[in-house]
Amino acid sequence: MRSLLDSKKKRGAGLDVALGLVPPQRRPPRMFGCVSCFWVLLSACLVAVCSFSFLSPAWIVRSGEQELQEPVSFGLLWHCSDSLEFMSSCYTLGGLGRFNDIPSSSWQTSAVLCCGGCALLVMSCLLAIVTLFLPSGLCERRLCTLAGYMQTAAVFIMASGLLVYPFGLNAATVKKYCENSSIYYAGTCQIGWGYMLAIVGVMLSVFLPFFSKYAPKEHISPTPIPTIL
């Protein structure tokens, strides 16, 4: 008899909630979510990958297998050369007060775009970490949305920088080491692991805005379905 009365009470309470007579009970806010944790971890990893690839000096490489040729490598901001008489030496192509030392305007543009996109990734990663410690609510959703927009902008900016970089192969300084090099053709040189790593990092960064959409701990459905029972 008691179980029958309890079932009737539960049905009546569910019907009242569905009709809006009784406000539904709110769940306590959660501090962590699986998607948000994965989003933060992926953001941090891609920040490390993109930063390491942008600072690497191995974007354009000449192996030096032929005689009387020394190994040479060009990066976004670095240039390294090996010789038989001296040890391996690297120096910056740009930097504070030395931005004009970059041998091509295309490489200068690429450096600005890639570094700017990497800075956006860093800031969005910091915002993603902050959202982990926020309770579910409007503030968390807004920060996730802002971080997603920043990551989307970072992907387009870095991709533009990677597309502009091969235009610098037509510079006189590059032709000095890579014979017959031209736009999107490295001549006697080859594409190095640093440039390929940057491409992989940008391609994986495309998924970050998608995860930011589902990173909030409580995703609100646009058409909630009332539970009667």
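FYI, it's all coordinate maths here, none of it is from the lab. Everything numeric in this text was worked out from a predicted model, so none of it was measured. Quick reminder, even Gly has a Cβ in these numbers, built from the backbone with ideal geometry, and neighbours come from all protein chains shown.
Based on the mean of other Cβ atoms within 10 Å per residue, sort peptides 124-132, 72-80, 175-183 so the most packed one is first. Numbers along the way, then the final one.
Working: 124-132: 19.7, 72-80: 22.8, 175-183: 14.9.
In decreasing order of mean packing, 124-132, 72-80, 175-183 become 72-80, 124-132, 175-183.
I need the calculated FRET efficiency for the pair Leu146 and Leu204, taking r as the beta carbon distance and R₀ as 25 Å, to the nearest 0.05. Between Leu146 and Leu204 the formula returns 0.75.
Arranged from highest to lowest average of other beta-carbon atoms within 10 Å per residue, in what order do the peptides 198-210, 51-63 appear? Display every interim value, and only then the final one.
On the way: 198-210: 18.2, 51-63: 20.2.
Sorting 198-210, 51-63 by mean packing, highest first, produces 51-63, 198-210.
Run a plain Debye calculation on the range 156-199 (Cα atoms as equal point scatterers, no solvent) and give log10 I(q)/I(0) at q = 0.21 Å⁻¹, rounded to two decimals, same order as the q list. With one equal scatterer per Cα and no solvent, log10 I(q)/I(0) is -0.68.
By its C-alpha gyration tensor, with a ≥ b ≥ c as the square roots of the eigenvalues, how is the range 103-151 shaped: rounded for a/c under 1.5, else prolate for a/b larger than b/c, else oblate? Prolate, since a/c reaches 1.5 and a/b exceeds b/c.
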